Amino acid sequence: MGKIVLVTGAARQLAGRFVRRVQHDPAVDRVIAVDAVAPGHGLGDAVFVRADIRQPAIARVLAEHSVDTVVHLDVSAKALGPGGRTAVKETNVIGTMQLLGACQKSPTVQRLVVKSSTGVYGSAPRDPAVFTETTPPKSLPSGGFAKDAVEVEVYVRGFARRRPDVAVCVLRFANILGPAPDSPLADYLSLPVLPTVFGYDPRLQFVHEDDVVDVLEIAAREPRRGTLNSGTFNIAGDGVLLLSQCSRRLGRPTVPVLLPAVTWVGSALRTVGMTDFSPEQIRLLTHGRVVSTVQMRETLGFRPAFTTAETFAEFVRSRGPGLLPPEKVGRAVGRLAGLPFAGGAAGTHSTHGAR
């Protein structure tokens, strides 16, 4: 009998794509797609079960279908429906606790894959140039999705200690972009004018939606010869982009804001519902974040098809033209960078900001 795979968060686009992909694996006998809301997209031949992972009923779903592989994708920064930030946090944290409790009691579960985020490293002025999977953060995230991801990983590590017989894989994704992204950063980059932190030009990494689905498939199956898909892995495309480069390629002008006023701008944006400009988002757009993907390549055996720049190019094509031609934005940014008050090239801090 083939594997029986349960996927949470099936109403989300990425999870739906993974559900449709994994059911074509000859080693998979059945796919159980779970979410609290009905998906607006097709799930192929998967069995859809409408269930809220925050409720104990998820244990009955695992038992009824004799699930052996759980892929937990219902960890997200945005709500699908009403409820806002409170509902998102409850699903991320309480939902994960309930799911792990059900997995712990299940005698059939053999593999657990959890979607996490490189946001667990935080963003701080004295961060290392590159985070590895074992680098402790200088400052833990204080709120938002990044804090949720930290709590989720704490519960996953506890589960791994209690059930050492279960293979556990945690995938820390960089910012996910592509033609149809669903994230606060994508919302921010879609604004007609991008508010930025004056004097800072953070480095950013992206991972393509297609690569997300590909690496989830690798994590959910038995490891290939010479690889290991148990453990924690950073997942990102090669290379980095500066925020200024992103704005030029989008054709969207930037409005530098002094750091003390950035929080006010974020509150204003949240009020009008344009984007989730959380404190952690502000720190990312101030100090940036870059992670090492050596373990992704050498241990997990995964090589993304898209670089960071190629991923962003796909996103740009999906957004349409900005207010200004990219070349005009580039010339304007270049002239501003050379002005005396900006300190010339030295006035833009591309790594960590002021030292």
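What the chain shows is 43 Å² of accessible area per residue, with the surface traced by a 1.4 Å probe over protein heavy atoms. Under the combined filter of DSSP loop state and at most 16 neighbouring Cβ atoms within 10 Å, the range 157-239 retains these trypsin sites (Lys or Arg not before Pro): ARG224, ARG225. The modelled label-to-label distance between THR263 and GLU298, using points 7 Å beyond Cα along the C-beta direction, is 4.2 nm. Largest GNM mean-square fluctuation among GLY199, GLY239, GLY320, using the chain with Cα springs under 10 Å: GLY320. For ILE53, the accessible surface of its heavy atoms amounts to roughly 10 Å² (probe 1.4 Å, protein chains only, rounded to the nearest 10). Placing +1 on the Cβ of every Lys and Arg and -1 on the Cβ of every Asp and Glu, with nothing else charged, gives the chain a dipole about its Cα centre of roughly 560 debye.
Calculate what fraction, in whole %, of the accessible area of the range 184-304 sits on carbon and sulfur atoms when a 1.4 Å probe is rolled over the protein chains.
56
With 0.36 nm allotted per residue and the present C-alpha distance subtracted, the ALA313-GLU222 stretch has 29.4 nm of extension available.
The values are calculated or read from the model by the stated rules, or taken from the named source; none is laboratory data. What you see is a predicted model; the values in this text were computed from it and never measured. Here Cβ is always computed from backbone atoms with ideal geometry, including for glycine, and neighbour counts include all displayed protein chains. Heavy atoms of the whole protein, side chains included, go into the accessibility calculation; ligands, DNA and RNA do not. Shrake-Rupley method; radii C 1.70, N 1.55, O 1.52, S 1.80 Å.
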